[in-house]
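Since the structure comes first, as structure tokens, the remarks are kept for the end.
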Amino acid sequence: MKNNSKIVLVSVMMLVPIVLLTVILKPSPDDPKIKDIQIMKVQKDRDNYRISQLRTIHNALEIYQDDYNHYPISTGECLNEKNLDENNQPTEASTMANFLKGTVFPTDPIKTQNSALCTGAKNLQAGRYFYKSLSDGNEYLLCANVENFEKANTVLGNKDTGLLSKETSEQVDEYLNDVNNKATANTKDNQKLYCVVNN
């Protein structure tokens, strides 16, 4: 009995300083460093979601290409199953929603995201993912703005697009450079993009 009470007493004596140290050294939730870490985690989670959604759309594009022998023709639009062309007919890209679960395109977790890519013209709505076909439907570019540089594979405003560290066609490079010029003319900061190409 005495041995048991000694063990309990020693355990309590060792535990009390540990608990006191934990309470004293515990960072305040109002600490700016803690808030920054929490914000970065939320941003990374949203970026991971965006990238997974682009992969889902990429898979639908591949199914579309298998059926039609080309990717949907588009001069550039933000994917929405309700997009219409100049004749008020569904765009080819909008019909690709039929290859997605629920026949609707996923949207960005932030409804104002992708504003550098997705504003200013018909079928360019913020909060959607950007799609453009190249080389008469043999290639495509699918992009989303990301919030963290480490998730980006190309940064608008840089001459070297660095897209996926892959060799991309001249048309993809040329188009990204064109987007770079337009976006940097309209925005103060470099836009961080994650893009998917078919090659």
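Just so you know, all these numbers are worked out from the coordinates, no wet-lab data involved. Given the structure is predicted, the values throughout are model-derived calculations rather than measurements. FYI the Cβ positions are ideal-geometry reconstructions off the backbone, even for glycines, and counts take in every protein chain you see.
Data overview
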item	result
Other-chain or far-sequence residues with amide H under 5 Å of Gln125's (modelled H)	Cys78
Phi-based couplings in Hz for region 64-81 (Karplus 6.51, -1.76, 1.60; Gly and Pro marked x)	4, 5, 4, 6, 10, 6, 6, 7, x, 6, 7, 7, x, 8, 9, 4, 8, 5
Vicinal HN-Hα couplings computed from phi for region 15-20 (Karplus, 6.51 cos²θ - 1.76 cosθ + 1.60; Hz; Gly/Pro x)	6, 4, x, 5, 5, 4
Total charge dipole magnitude, region 30-117, about the Cα centre, Cβ charges on Lys, Arg, Asp, Glu only, Debye to nearest 20	460 debye
Extension gain from Asp136 to Tyr49, taking 0.36 nm per residue of separation minus the Cα-Cα distance	28.3 nm
Asp85 long-range amide H proximity, modeled H, under 5 Å	Thr91
Integer Hz, Karplus 6.51/-1.76/1.60 couplings in order for region 45-57, x for Gly and Pro	4, 5, 5, 4, 4, 4, 5, 5, 5, 5, 5, 4, 5
